[in-house]
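Structure first, then comments.
The values are calculated or read from the model by the stated rules, or taken from the named source; none is laboratory data. What you see is a predicted model; the values in this text were computed from it and never measured. Quick reminder, even Gly has a Cβ in these numbers, built from the backbone with ideal geometry, and neighbours come from all protein chains shown. Side chains included, ligands, DNA and RNA excluded: accessible areas come from the protein's heavy atoms. Shrake-Rupley method; radii C 1.70, N 1.55, O 1.52, S 1.80 Å.
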Amino acid sequence: MGLNLVHKILGAHLVEGSLSSGEEIAIRVDQTLTQDATGTMAYLQFETMGIPRIKTELSVSYVDHNTLQVGFENADDHRYLQTVAAKYGVHYSKAGNGICHQVHVERFGVPGKTMLGSDSHTPTGGGIGMIAIGVGGLDVAVAMGGGAFFMPRPKVVKVNLTGAFQPFVSAKDVILKLLSIMTTKGNVGKIVEYAGPALAHLSVPERATIANMGAELGVTTSVFPSDEQTRAFLKAQKREEAWTPLSADADAAYDQVIEIDLSALEPMVAQPHSPDNIGTVVSLKGKKVNQVCIGSCTNSSLRDLVVVAEMLKGRHVHPDVELVIAPGSRQVEMEAAKRGLLATFLMAGARVGESACGFCIGSGHAPGSGEVSVRSNNRNFKGRSGTADAMIYLASPETCVACALTGEFTDPRTLGITAAAFELPEAFTIDDSMVLVPPADGSAVEVVRGPNIGEPPKTLPLPDAITKHVLLKVGDKITTDHIMPAGQYLKYRSNIPKYADVVFIGVDPNFAQRAKEAGGGFVVAGDSYGQGSSREHAAICPSYLGVKGVMAKAIERIHKANLVNFGILPLLFTDAADYERIQQGDTFSLKNLHGSLKNGKVLEVKDETQNFTFKVKVDVTDRQAAILMDGGMLNHIAKGGK
Ligand code: MIC
Ligand code: SF4
């Protein structure tokens with residue numbers, strides 16, 4: 001039996017475990033990326049490890065999230081990031097150079113390499129044939145220090161793409177279709193591998209769109225083969241030497257196979273408030289649209305902007321619609337300027353945004369109250385846009401333009417426009433002057449720390465018994481945006497005491513106060529707790545407030561790892577009826593924690609308020625149990641653990 005592509009790449013990087021049996025594997029990490037909103041904490045953590053220089057082949061620190069600079073905090077963070085990068089050997093991509101995932105695929109991605117990124121959309125690198133995984137900042141810090149990355153032994157899902165797109169149907173519609181099939185739930189531990197004859201016509205940026213939004217499936221990552229399309233893209237980036245052919249063996253085995261015929265796809269849309277609430281554009285025909293935003297790490301490549309410009313040429317945005325277009329990188333923006341695309345956008349009445357995360361992370365362009373915004377990004381969680389009651393729909397750039405022109409949901413195929421054919425340029429405009437290369441010896445570099453930059457908080461070893469209240473009981477699909485909102489609070493990412501004040505603010509504004517008064521406690525949740533972002537702040541800040549355990553029906557992959565890293569017990573109900581019975585405010589007592597973590601990983605919880613006992617599973621491996629006992633990863637490493 002031959003090997004699939006995932007096993008080939010992971011096999012070449014395996015340092016512990018086996019791909020054919022067992023619970024966990026560990027791999028060597030070739031590259032890392034961070035972005036500024038998660039990066040500051042990641043480098044602060046790296047600094048506490050006392051390692052003089054990074055041990056990865058390449059690590060890049062991008063500034064793309066907090067570029068608004070209202071107040072001193074963002075700029076101070078950036079100065080810290082720049083100096084700490086120079087000191088430890090990390091490349092630094094300045095604000096304005098573009099969104100980490102887009103730039104990384106353009107300038108640094110290498111087929112067959114492994115990468116960890118402190119951002120959940122790191123799997124975008126799968127578009128260029130990498131095994132690229134989103135993790136918390138601390139896991140990136142460990143990898144920069146030469147540590148292996150531990151992950152559950154993956155199940156590999158083959159998605160076979162056949163046929164060819166109809167005009168105005170594109171990569172985004174493929175991943176929206178896949179979200180309708182796989183949904184955002186139940187995919188923990190899977191890796192998606194794309195294959196099939198349709199790949200011959202799918203360029204790297206289109207593949208990157210699909211791999212990017214694989215994050216919304218909740219899978220570990222997604223990967224495409226490295227073929228002639230990959231070679232053409234790397235050649236146009238003047239990096240052809242980075243190319244190697246990579247594909248699955250013809251007789252490779254998979255855990256699951258899904259078929260998608262591109263010819264049968266139609267324009268799709270994710271409806272409020274979840275990326276898997278999929279419908280067709282046709283079914284929403286005529287519904288009023290107030291705002292359209294095109295950009296983000298999902299859909300902001302040159303291909304996307306060429307298609308958008310072609311549709312906008314000689315036309316004007318509907319008078320009631322605000323259209324925002326933000327290129328994904330400086331390279332894309334320069335090319336768009338040279339080709340006159342930016343002029344077309346302006347003539348059409350669009351607002352051109354900075355090549356950064358911007359609207360996608362709720363950093364500006366919040367829609368009006370209750371308004372409908374159609375966006376080309378990847379997440380439409382409630383409130384993420386900055387407006388609590390806005391209705392956010394996710395769609396392809398083609399559908400976005402159709403809505404912007406007409407002011408209502410419109411299938412782009414019905415506009416009577418001829419679809420643009422996009423040819424990958426022979427050569428992109430290459431200018432890496434906004435990427436600062438670290439000096440060969442950074443030991444003399446002085447790291448600059450502004451007043452907003454605090455220390456990573458300290459955690460204590462796990463006690464053997466805990467008696468605390470249920471501070472909050474929530475339902476299903478609580479995202480990291482619910483736990484730790486971004487937008488206006490993003491600037492406090494390196495100031496934990498301040499950021500901790502807004503934990504769960506949109507769910508329960510009194511949470512932080514209550515947690516402080518009670519000296520911490522438990523959070524009780526339903527299914528898919530911690531979906532979405534990799535932000536480890538959704539674990540650090542609750543840990544800072546004294547949260548000792550999250551008891552849920554299911555906890556998402558990255559968030560669970562972050563809980564462990566910061567000493568919070570991830571606990572799963574063994575009987576869903578217990579979840580129903582528990583009330584917010586109940587007092588729990590847990591005993592013999594150490595013994596249970598070592599043997600069996602099942603805890604008995606006594607609800608003292610209602611006087612009943614129930615069992616929960618501590619959802620961790622032996623290695624993670626040891627980290628929890630030490631009170632978190634930094635303590636664990638300090639004791640020589642891995
Ligand atoms: C996001 O899209 O939610 C973010 C902002 O990029 C996050 C990272 C963060 O919260 O800093 C992510 O996806 O991991
Ligand atoms: Fe930035 Fe949005 Fe991509 Fe997150 S999803 S990295 S906020 S563009």
* Structure fact -> (1) closer than 20 Å to residue 203 by Cα; (2) within 16 Å of ligand 1 (Cβ to nearest atom) all hold for residue 294 apart from (2)
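Please find, among 450, 386, 416, the residue that is more than 30 Å from residue 349 (Cα to Cα) and either loosely packed, with under 13 Cβ neighbours inside 10 Å or not aliphatic (A, V, I, L, M) (or both). Write out each step before concluding.
Working: 386 fails: more than 30 Å from residue 349 (Cα to Cα); 416 fails: more than 30 Å from residue 349 (Cα to Cα).
450 is the lone residue from the list that is more than 30 Å from residue 349 (Cα to Cα) and either loosely packed, with under 13 Cβ neighbours inside 10 Å or not aliphatic (A, V, I, L, M) (or both).
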* Would you kindly identify the strands (runs of 3 or more DSSP E) lying entirely within region 254-305 that contain at least 2 residues that are touching a His at 6+ places or on another chain (Cβ under 9 Å) and open to solvent by less than 10 Å² (accessible area, probe 1.4 Å)? => 291-294
* To do: Check whether at least one residue in region 122-135 is among the hydroxyl-bearing types (Ser, Thr, Tyr) and within 15 Å of ligand 2 (Cβ to nearest atom), and report yes or no.
  => yes
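Would you say residue 177 is assigned to a strand (DSSP E or B), under 30 Å from residue 282 (Cα atoms), open to solvent by 10 Å² or more (accessible area, probe 1.4 Å) and away from ligand 2 (no atom under 16 Å from the Cβ)? Give the derivation first.
On the way: assigned to a strand (DSSP E or B): no; under 30 Å from residue 282 (Cα atoms): yes; open to solvent by 10 Å² or more (accessible area, probe 1.4 Å): yes; away from ligand 2 (no atom under 16 Å from the Cβ): yes.
Considered against the rule, which asks whether it is assigned to a strand (DSSP E or B), under 30 Å from residue 282 (Cα atoms), open to solvent by 10 Å² or more (accessible area, probe 1.4 Å) and away from ligand 2 (no atom under 16 Å from the Cβ), residue 177 comes out as no.
For residue 81, state whether it is over 15 Å from residue 534 (Cα atoms), surrounded by 24 or more Cβ atoms within 10 Å (Cβ to Cβ) and within 14 Å of ligand 1 (Cβ to nearest atom). Working first, answer last.
Working: over 15 Å from residue 534 (Cα atoms): yes; surrounded by 24 or more Cβ atoms within 10 Å (Cβ to Cβ): yes; within 14 Å of ligand 1 (Cβ to nearest atom): yes.
So residue 81 passes the test.
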* Structure fact -> Output for Cβ contacts, cut-off 7 Å, separation at least six or different chains, first residue within 13 Å of ligand 1 (Cβ to nearest atom) in region 93-119, second among the aromatic types (Phe, Trp, Tyr) and at pLDDT 95 or above, reads 100/62; 116/149
* Asked: out of contact with any Phe, Trp or Tyr (no Cβ under 7 Å at 6 or more places or on another chain), within 16 Å of ligand 1 (Cβ to nearest atom) and open to solvent by less than 50 Å² (accessible area, probe 1.4 Å), is that true of residue 407?
  -> no
* To do: Tell me, yes or no, whether region 380-399 has at least one residue that is within 11 Å of residue 281 (Cβ to Cβ) and in a helix (DSSP H, G or I).
  => yes
* Among the residues of region 46-64, is there at least one that is within 15 Å of ligand 2 (Cβ to nearest atom) and of a type in the set (S, T, N, Q)? -> yes
* Structure fact -> Counting only residues in region 484-510 that are within 16 Å of ligand 2 (Cβ to nearest atom) and hydrophobic (A, V, I, L, M, F, W, C), the one nearest to residue 569 (Cα to Cα) is identified as 484
* Asked: Which of the residues that make up region 599-632 are within 32 Å of the chain's Cα centre (by Cα), in contact (Cβ under 8 Å) with a residue 12 or more places away in the chain and not in a loop (DSSP other than H, G, I, E, B)?
  -> 602, 603, 616, 617, 618, 623, 624, 625, 626, 627, 628, 629
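Quick one: which of 241, 216, 206 is free of Cβ contacts under 8 Å to residues at least 12 places away in the same chain and either within 16 Å of ligand 2 (Cβ to nearest atom) or part of a helix (DSSP H, G or I) (or both)?
Numbers: 216 fails: free of Cβ contacts under 8 Å to residues at least 12 places away in the same chain; 206 fails: free of Cβ contacts under 8 Å to residues at least 12 places away in the same chain.
Sole residue among the options that is free of Cβ contacts under 8 Å to residues at least 12 places away in the same chain and either within 16 Å of ligand 2 (Cβ to nearest atom) or part of a helix (DSSP H, G or I) (or both): 241.
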* Just one of 35, 69, 102 is open to solvent by 10 Å² or more (accessible area, probe 1.4 Å), polar (S, T, N, Q) and within 20 Å of the chain's Cα centre (by Cα); which is it? -> 102
* **Failed item, numbered, when residue 499 is tested on (1) within 16 Å of ligand 1 (Cβ to nearest atom); (2) in a loop (DSSP other than H, G, I, E, B)** => (2)
* **Subset of region 497-533 [closer than 24 Å to residue 359 by Cα and open to solvent by less than 50 Å² (accessible area, probe 1.4 Å)]** => 499, 500, 502, 503, 504, 530, 531, 532, 533
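Go through region 419-447 and count every residue that is free of Cβ contacts under 8 Å to residues at least 12 places away in the same chain and crowded, with 17+ Cβ neighbours inside 10 Å.
Kept after step one, since they are free of Cβ contacts under 8 Å to residues at least 12 places away in the same chain, are these residues of region 419-447: 421, 423, 433, 440-441, 444.
After this cut, where a residue has to be crowded, with 17+ Cβ neighbours inside 10 Å as well, the list is none.
Number of matching residues: 0.
Quick check on this structure: which one of 93, 59 is hydroxyl-bearing (Ser, Thr, Tyr) and under 16 Å from residue 356 (Cα atoms)?
Numbers: 59 fails: under 16 Å from residue 356 (Cα atoms).
Unique residue meeting the criteria: 93.
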* **Residue that is modelled with pLDDT of 95 or more, under 21 Å from residue 480 (Cβ atoms) and outside any loop (DSSP other than H, G, I, E, B), where the choices are 359, 345** => 359
